[in-house]
Amino acid sequence: MQTVTMKAVYFEEFGVLPVLREVPEPLLSAAGVIVRVEATGVCRSDWHGWLGHDTDIALPHVPGHELVGVIDAVGPLVRRFRVGQRVTVPFVCACGDCPECDAGNGQVCRNQTQPGFTHWGSYAERVALHNADVNLIAIPGDLDAGAAALLGCRFATSYRALVHQAGLQRRETLVVVGCGGVGLSAVMIGQALGATVIAVDISTDALDAATRVGAAHVVNSFGLGDAEVVQRIRALTPNGSGAQVSLEALGRENTVAIGIRSLATRGRHVQIGLLADDPRMPLGTVIARELTVLGSHGMPAHDYPALLELVVSGRLRPNDLISRRITLADAPAALAAMSTPGAPAGVTLIELD
Ligand SMILES: [Zn+2]
Ligand SMILES: [Zn+2]
């Protein structure tokens, strides 16, 4: 008998605790695949989506966008992938056929789809992924599931932000403001690129994790005024002149400003943290120091080989960021726990059977 349902974490109202239940199987698109989910990360974007902060989401909904799994079915137009292959996917899936995609910028594709946002995601036994030939990335069978899943969102986002957007160089100083999963990814990547990394957070646990994955210095900003935080960061840079690159991974107006004000002349700020409202920014400082403010939004699949090589060779170890491995049944509580401060440091990974 054909299976027509699967288990998934499902919600019908924003902000109401999701439930694990049987739902209809996802539909296979002609150029897409169905992937049997092996592992999926609990990312702050899932939490934003659950609370109704993302206008792409239609109810009812299944979250999840940071995944690794095995192809279960392929559409008739798919040429490069086959059933049984282990894959991950950038959370921004490109169409492959628009001006942005033609220019190699699928991460800002005008027709993009995002599992867990534009359609049901990977907190489920199976997930549909569209335009497979453009978006899938084959993953070696022996790579840790957590390392592979993190390539779908947080690790790739930080990699593109630092390497392709900010152009971080060896011996530069990098300030990472906010040490959740994406911030810790940036710390690890920055250190591997040969930068001196200063990690900033209000949580001792998060800063301990940052030190373990490569931060040379930490600033605990708990209870400090913003000017004091900036002063402490700058005091850790050569001659107090400021950092060359700042990355904000939290999404708050005052921490965006802290990142910008910590920069040396001609420094680059790259913004990853999502903000509910547009922030006021210290543009006077941007002008006077000739700073550059950059955004970064995922990474296109064709840029993955260089990152995957660093992960497969062990120079980058995304799995070291994973502090908890849970089951699908634990996922609703893990999502809800992100509403309260003091969540455990590091990344939570959902593993399926
Ligand atoms: Zn496109
Ligand atoms: Zn994410």
Quick check on my filter: what residues within segment 248-263 are closer than 14 Å to residue 287 by Cα, open to solvent by less than 10 Å² (accessible area, probe 1.4 Å) and part of a helix (DSSP H, G or I)?
260
Taking segment 204-214 and keeping only residues that are outside any helix (DSSP H, G or I) and in contact with an Asp or Glu (Cβ under 9 Å, 6 or more places away or on another chain), one is left with 213
Please enumerate the residues belonging to segment 25-69 that are open to solvent by 10 Å² or more (accessible area, probe 1.4 Å) and on the phi > 0 side of the Ramachandran plot.
52
Candidate set from segment 75-86 (those that are open to solvent by less than 30 Å² (accessible area, probe 1.4 Å) and hydrophobic (A, V, I, L, M, F, W, C)); member that is farthest from residue 319 (Cα to Cα):
78
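Pick out, from segment 101-203, the helices (runs of 4 or more DSSP H) lying fully within it that include 3 or more residues that are within 26 Å of residue 314 (Cβ to Cβ) and either more than 16 Å from ligand 1 (Cβ to nearest atom) or out of contact with any strand residue (DSSP E or B) (no Cβ under 7 Å at 6 or more places or on another chain) (or both).
On the way: elements: 132-135, 145-150, 154-159, 181-192.
Where helices (runs of 4 or more DSSP H) fall fully within segment 101-203 and carry at least 3 residues being within 26 Å of residue 314 (Cβ to Cβ) and either more than 16 Å from ligand 1 (Cβ to nearest atom) or out of contact with any strand residue (DSSP E or B) (no Cβ under 7 Å at 6 or more places or on another chain) (or both), they are 145-150, 154-159, 181-192.
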Tell me the residue from 277, 226 that is open to solvent by 50 Å² or more (accessible area, probe 1.4 Å) and in contact with a helix residue (DSSP H, G or I) (Cβ under 7 Å, 6 or more places away or on another chain), please.
226
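Considering 193, 207, which residue is in the same structural domain as residue 244 (by TED's automatic domain parsing), touching a Cys at 6+ places or on another chain (Cβ under 9 Å), surrounded by fewer than 24 Cβ atoms within 10 Å (Cβ to Cβ) and modelled with pLDDT of 95 or more?
Values: 193 fails: touching a Cys at 6+ places or on another chain (Cβ under 9 Å).
It is 207.
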Within segment 232-247, how many residues turn out to be touching a residue at least 40 places away in the same chain (Cβ under 8 Å), in a helix (DSSP H, G or I) and open to solvent by 50 Å² or more (accessible area, probe 1.4 Å)?
1
Give me a count of the residues in segment 43-74 that are within 15 Å of ligand 2 (Cβ to nearest atom) and part of a strand (DSSP E or B).
2
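Quick check on my filter: what residues within segment 87-112 are away from ligand 2 (no atom under 15 Å from the Cβ) and buried (at least 21 other Cβ atoms within 10 Å of the Cβ)?
So in segment 87-112, the residues away from ligand 2 (no atom under 15 Å from the Cβ) come out as 87, 94-106, 108-111.
Within segment 87-112, 87, 94, 101, 106, 109 qualify.
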Evaluate the following for residue 72: is it surrounded by fewer than 21 Cβ atoms within 10 Å (Cβ to Cβ), of a type outside the set (Phe, Trp, Tyr) and more than 29 Å from residue 158 (Cβ to Cβ)?
yes
If I ask for residues that are away from ligand 1 (no atom under 16 Å from the Cβ) and within 15 Å of the chain's Cα centre (by Cα), which ones from segment 62-100 would you list?
63, 64, 65, 66, 67, 68, 88
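Of all the residues that make up segment 300-328, how many are assigned to a helix (DSSP H, G or I) and either touching a Lys or Arg at 6+ places or on another chain (Cβ under 9 Å) or open to solvent by less than 30 Å² (accessible area, probe 1.4 Å) (or both)?
Selection size over segment 300-328: 11.
The values are calculated or read from the model by the stated rules, or taken from the named source; none is laboratory data. Quick caveat: nothing in here was measured; it's all calculated off a predicted structure. As a convention, Cβ positions derive from the backbone with ideal geometry for all residues, glycine included, and neighbour counts pool all protein chains shown. What goes into the accessible areas is simple: the full protein's heavy atoms, side chains included, and nothing from ligands, DNA or RNA. Shrake-Rupley method; radii C 1.70, N 1.55, O 1.52, S 1.80 Å.
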